[in-house]
1. Just give me the residues in segment 215-236 being near ligand 1 (Cβ under 9 Å from one of its atoms) and surrounded by 11 or more Cβ atoms within 10 Å (Cβ to Cβ), in sequence order.
2. In this structure, does I184 turn out to be among the β-branched types (V, I, T), open to solvent by 40 Å² or more (accessible area, probe 1.4 Å) and within 12 Å of ligand 2 (Cβ to nearest atom)?
3. Determine whether segment 97-113 contains at least one residue that is touching an Asp or Glu at 6+ places or on another chain (Cβ under 6 Å), closer than 19 Å to Q16 by Cβ and either assigned by the TED database to the domain that holds L139 or open to solvent by 80 Å² or more (accessible area, probe 1.4 Å) (or both).
4. Just one of D147, D216, D246 is in the same structural domain as I17 (by the TED database) and either part of a helix (DSSP H, G or I) or more than 11 Å from ligand 2 (Cβ to nearest atom) (or both); which is it?
5. Restrict the check to segment 78-95 and report whether at least one residue is over 27 Å from A119 (Cβ atoms) and of a type outside the set (K, R).
6. Does segment 270-321 hold any residues that are within 25 Å of E257 (Cα to Cα), outside any strand (DSSP E or B) and either open to solvent by less than 60 Å² (accessible area, probe 1.4 Å) or assigned by the TED database to the domain that holds G131 (or both), and which are they?
7. Given the conditions (1) surrounded by fewer than 21 Cβ atoms within 10 Å (Cβ to Cβ); (2) within 28 Å of G89 (Cα to Cα), and given that S262 satisfies all but one, which numbered condition is not satisfied?
8. What about T154, is it of a type in the set (S, T, N, Q), open to solvent by less than 10 Å² (accessible area, probe 1.4 Å) and assigned to a loop (DSSP other than H, G, I, E, B)?
Amino acid sequence: MTQAPVNVTVTGAAGQIGYALLFRIASGQLLGQDVPVKLRLLEIPQAVKAAEGTAMELDDGAFPLLAGIDIFDDPKQAFEGTNIALLVGARPRSKGMERGDLLEANGGIFKPQGEAINAGAASDIKVLVVGNPANTNALIAQSHAPDVPADRFTAMTRLDHNRALAQLSKKLGVPVTELKKLAIWGNHSATQYPSVQHAEVGGKPVEVDQAWLESDFIPTVAKRGAAIIEARGLSSAASAASAAIDHVYTWVNGTPEGDWTSAGVVSDGSYGVAEGIISSFPVTAKDGKYEIVQGLEIDDFSRARIDASVAELVEERDTVQKLGLI
Ligand code: NAD
Ligand code: LMR
């Protein structure tokens, strides 16, 4: 091994996504087969023992690229010197909890984590927020890390992107590798807009009938999280972990020429999306940076759907602002 290990912090390490994610990171799928990693696991005190159990299993994997595992219940220590932070742990919605309550409970998690990243993370820190509500949790963390460039904070909509690829691939009867330029716009929620407006199959524009788009494709992708919960009795975990791996791998290694992906990134006002919120856009990655794809024509159908999801994000931002969380 020639390279120094990259420090990767994973929060919610004892949870179900953590269990699917950590072994893939250790095997080199997050950063590449030549990059050693040191894992820094953050859990709440009650779940540290379970995280220790997962760490024992990671040891038992004898992964050649795994250079060490440390477990913490203090964010300040967990983010010290970290290069990649995967913020998975979040407060789930419990019975009777309103959206505002959920945002407030998560503020108690993502504010101190943002502060800890600001105080101690490495200068090249990249943050992916997976824990829901992912976009606004990312906004909370980002707003408490004033010394970190805002574009280092991202939220995961890669799972939605992958779901859209899978649905379109089935519909057209082509492998996912034939499909390019799908996009997820807006929030990681049921208001998201999975768009095929610029999508290509085998280099040609995708042509599907509007009725299928409206009554099948868009709701299937947007409500897939709920459908998984209904079927499994638990929220998606392996597919979410897989998408987190894809998101970071692409961020570090770039998107292929002639294609893009989707990620929740800080809006610079592009496409009329309120500046400063963390919204999903079509993005390319180059030299370790995600950039919003510019210059796309947005038809009326897309416009209305993007606006609706962005309105929800603005509402979430206003709620956390009122709660003093940003
Ligand atoms: P889980 O309940 O199995 O695990 C969550 C873990 O987070 C628990 O072990 C818990 O102890 C830990 N945790 C809670 N507060 C913490 C804190 N302050 N610091 C560190 N750890 C903390 O949940 P899961 O299935 O792994 O899902 C995690 C989150 O990811 C949920 O919010 C879920 O809704 C979300 N999710 C997002 C996407 C997406 O596409 N963005 C997809 C699937 C799931
Ligand atoms: C998903 O998209 O699978 C999850 O965000 C669903 C959830 O509510 O945890």
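The values are calculated or read from the model by the stated rules, or taken from the named source; none is laboratory data. Given the structure is predicted, the values throughout are model-derived calculations rather than measurements. Methodologically, a virtual Cβ is constructed for each residue, glycine included, from the backbone with ideal geometry; neighbour enumeration extends over all protein chains shown. With ligands, DNA and RNA removed, areas are computed over all heavy atoms of the protein, side chains included. Shrake-Rupley method; radii C 1.70, N 1.55, O 1.52, S 1.80 Å.
1. The first filter runs over segment 215-236 and keeps only residues near ligand 1 (Cβ under 9 Å from one of its atoms), leaving 225, 228, 234-236.
Within segment 215-236, G225, I228, S235, S236 meet the criteria.
2. Details: among the β-branched types (V, I, T): yes; open to solvent by 40 Å² or more (accessible area, probe 1.4 Å): no; within 12 Å of ligand 2 (Cβ to nearest atom): yes.
Criteria not met by I184.
3. Let us first name the residues in segment 97-113 that are touching an Asp or Glu at 6+ places or on another chain (Cβ under 6 Å), namely none.
Checking segment 97-113: not a single residue is touching an Asp or Glu at 6+ places or on another chain (Cβ under 6 Å), closer than 19 Å to Q16 by Cβ and either assigned by the TED database to the domain that holds L139 or open to solvent by 80 Å² or more (accessible area, probe 1.4 Å) (or both).
4. Details: D216 fails: in the same structural domain as I17 (by the TED database); D246 fails: in the same structural domain as I17 (by the TED database).
Within the list D147, D216, D246, the selection yields D147.
5. From segment 78-95, those over 27 Å from A119 (Cβ atoms) are 92-95; that's our starting set.
Still in the running and of a type outside the set (K, R): 92, 94.
Within segment 78-95, one or more residues are over 27 Å from A119 (Cβ atoms) and of a type outside the set (K, R).
6. Within segment 270-321, S270, Y271, G288, V293, L296, I298, D299, S302 qualify.
7. Failed condition: (1).
8. Values: of a type in the set (S, T, N, Q): yes; open to solvent by less than 10 Å² (accessible area, probe 1.4 Å): yes; assigned to a loop (DSSP other than H, G, I, E, B): no.
So T154 fails the test.
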